[in-house]
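Below is one structure, written out as structure tokens; the observations come after it.
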Protein chains: 2
Amino acid sequence: MIIAVDVDGGDYAPKEIIKGALKAAQEYKIGLILLGKKEVIHVHAGHYLKKLPIEIVHCPQTVTFNEHAVEAIKGKPQSAIVIGTSLVKQGKADAFISAGNTGAVLAAAFFILGKIDGVERPALGAIITTRPHIPSLLIDAGANAECRPNHLDEFAHLGNIYAKQVLGLENPRIGLLNNGEEEAKGTKLTLETHQLLKKSKLNFIGNIEGHDISLNKADVIVTDGFTGNIVLKTLEGLGDALLKVRKVGHAIDSAAHLRGRALLADVGLGSMVKGMDFEECGGACLLGVKGTIIVAHGRSHARAIKNAIGLAKRTAEKGVDKLIAEDIKSRTKAGTEGDPKNVNTPV
Amino acid sequence: MIIAVDVDGGDYAPKEIIKGALKAAQEYKIGLILLGKKEVIHVHAGHYLKKLPIEIVHCPQTVTFNEHAVEAIKGKPQSAIVIGTSLVKQGKADAFISAGNTGAVLAAAFFILGKIDGVERPALGAIITTRPHIPSLLIDAGANAECRPNHLDEFAHLGNIYAKQVLGLENPRIGLLNNGEEEAKGTKLTLETHQLLKKSKLNFIGNIEGHDISLNKADVIVTDGFTGNIVLKTLEGLGDALLKVRKVGHAIDSAAHLRGRALLADVGLGSMVKGMDFEECGGACLLGVKGTIIVAHGRSHARAIKNAIGLAKRTAEKGVDKLIAEDIKSRTKAGTEGDPKNVNTPV
């Protein structure tokens, strides 16, 4: 298993990215391809380069945070994002992870890897954990701001496979995020999506509301990329706020001979905070492209990168992209129209 | 100041509603009109009916949670929602609050009170507090699931006045909730709204993201009612989860001689949890109709109702609806087209 890592993107690149990658190489027993400025990688990785199965690919160009995604990809073929994605395409890496410009990572995946046959809109699946050890998958977490009902139906199918494989759930409960539980409530988008999902063979549990997210009512939370992005970041923001509170708590209670700390741990706050910390899950997986691409958070420190690499490994090991392709084929066969988009809406 | 209270709607009606109303009458020194089943109110309010300035209006009909809003309003003229709203219209009550069927409360407000001249879409403004004592206003919290840019522009103006009057802010920072900070990022709706807000005279600080909500980056968070509803309920759900953790903490630490409890309070978790508890703010205000209407949460207990009544009092005292009407008039005068909807987009 070889994971290609962009060490040239993210708020704490390259140092934290390299640190996280080295930890991952040791913990997960995987090979790494580090993509970035050769000299910089040598400085930060030092003697690990000899000890661990690490290859360096020098990338003279850098895609910055605010660059226009498509222009960046076309104008910077020697960037870590373009080269890393190409390594996946060529089969030289099993997955690519980047904490850089998300738009550029998505654009590179679309252009270089291409969409799986039958997938119209690849989507970002993000694992969220508001309750300790009970993850759910939010899809789309931000790849497609404006969607049509068939896109959301597609996200549900992509998320279903991912939840089975990576969350290890037998029959994931699929919920449609909506402004009301009732079937008759919602926007044109959610009303029509509800009908598509009802007709599907998925374990569709109906609409769920915002408060159901932390109740873990659904394993796969289906929504458009605009709402998904905002929900994910709202949760992250609160996670950050809680972490701050927790850190202050630790400072106080170490003075108080650890009693308070033990209490915090007892009541589950610690694990709750841990669960809400985005660094725990590491990144979101781009589902629907031919290959494994993990988008790590721009604010990733070493721990987030290590966890993102772990996620990349699990995703690649399971061959999620192949399973998605098979699922679409089998649904296409079963469908009356031969078009996977129509599988759930036979005329 | 007389507040009309629907004691016939909400998960914990009538008992908790009446309990909260009685507390409010004592704490805020206001008169009450309790709307519901006369006998039931007598049972629960008991001797307070003689001690406090309370009037009872018997409402033989009940609007249930799942009823179609408009049908309920038309078919049940003797319901608390219709009669309570009518009391505001007639000037017999300064405000009406209900924890019942939200759609029906909104419909009654539209039909009976009517929209303020120049307002196309009244919206729900909800006060959210993810940091202790630093509230912000989310608008629209759920009245309009599908919106156009001029609606969001209108919400910003409504929210601006409310934040000035009820949150006591001199020059509220208006933020547009979006899936990216950059001006060029967003959906058609947010991209166009951004341009309208930029041209307005509001203190528009640009786009804000989900994580900015708990950072209190904006005082008024402008969004469509679909996204607003989901964000509000996501926050509420987490607040609930935190409250549970906190309660367990209290049980443990009362055994541990209050030391842990003091710690929790010290680190600010207590007030953070308190802030995230929807019962603290009590309800959302329907802005843009002729009168003061507060929509309380369906799950309201006595404390939430008491606080919702407090909010109704503050809103009515400030004459927010009159100020909104004046603001629209002055913007209409200033505008080149004479149409308030065009004030910020002169041709």
Taking placed amide H atoms and a strict 5 Å upper bound, the residues 5 or more places from B:C59 or on another chain that come that close are B:G36, B:K37, B:K38
The long-range amide H neighbours of A:N207, using H built 1.01 Å from N in the peptide plane and a cut-off of under 5 Å, are A:L176
Ordering A:54-62, B:229-237 by per-residue average of other C-beta atoms within 10 angstrom, highest first, gives B:229-237, A:54-62
Treating only Lys and Arg (+1) and Asp and Glu (-1) as charged, each at its beta carbon, one finds that the protein assembly as shown has a dipole about its Cα centre, in Debye to the nearest 20, of 1220 debye
Volume per residue (Å³) of the convex hull spanned by the alpha carbons of the protein assembly as shown is 173 Å³
With the 8 Å Cα cutoff and a minimum separation of six or more residues, chain A has a relative contact order in percent of 22 percent
Toy charge model, Lys and Arg Cβ at +1, Asp and Glu Cβ at -1: region A:1-53 dipole around Cα centroid in debye, rounded to 20, equals 280 debye
Straight-line reach check, B:K333, cutoff 17 Å on alpha carbons, 8 or more apart in-chain or any other chain, hits among aspartates and glutamates -> B:D117, B:E154
Over region A:91-151, the quotient of the Cα radius of gyration and 2.2 N^0.38 Å is 1.31
Applied in sequence order to region B:102-119, the curve 6.51 cos²θ - 1.76 cosθ + 1.60 (Karplus, θ = phi - 60°) yields integer Hz couplings, x standing for Gly and Pro, of 4, x, 5, 5, 5, 4, 4, 5, 5, 6, 8, 7, x, 7, 5, 3, x, 8
Residues meeting the amide H criterion for A:T187 (H placed from the backbone, H to H distance under 5 Å, 5 or more places apart or on another chain) are A:N179
For region A:32-40, in residue order, the Karplus 3J(HN,Hα) values (coefficients 6.51, -1.76, 1.60; θ = phi - 60°; whole Hz; Gly and Pro = x) are 10, 10, 8, 10, x, 7, 3, 4, 5
Taking the label point 7 Å from Cα along the Cα-Cβ vector, the copy-to-copy distances for A:E182, listed from shortest in nm with one decimal, are 4.1
Unit-weight point scatterers at every alpha-carbon of chain A, Debye formula, q = 0.09, 0.10, 0.14 1/Å: log10 I(q)/I(0) is -0.49, -0.61, -1.11
With one decimal in nm and the nearest listed first, the spacings from A:P53 to its own position in the other copies, using label points 7 Å along Cα-to-Cβ, are 8.2
Shortest first and in nm, the label-point separations between A:L215 and its counterparts in the other identical copies (7 Å out along Cα→Cβ) come to 3.2
Set A:K233/B:K322; B:K188/B:K233; B:K50/B:K164; A:K188/B:K322; A:K188/B:K19; A:K199/B:K217, cut-off 32 Å on Cα-Cα distance; pairs above it are A:K233/B:K322; B:K50/B:K164; A:K188/B:K322; A:K188/B:K19; A:K199/B:K217
To the nearest 0.05, the calculated FRET efficiency linking A:F111 and A:S330 through their beta-carbon distance, R0 being 30 Å, is 0.60
Residue by residue through region A:42-47, the couplings from Karplus 6.51 cos²θ - 1.76 cosθ + 1.60 with θ = phi - 60°, in Hz, x for Gly and Pro, are 4, 4, 7, 8, x, 6
Expressed to one decimal in nm², the mean projection of the alpha carbon convex hull of region B:197-236 is 3.1 nm²
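Every read-out reported here was derived from the displayed coordinates using simple, explicitly stated rules and does not represent laboratory data. What you are looking at is a predicted structure, and each value in this text was computed from that prediction instead of being measured. All Cβ positions, even for glycine, are placed from backbone atoms using ideal geometry, and neighbour counts span all protein chains on display.
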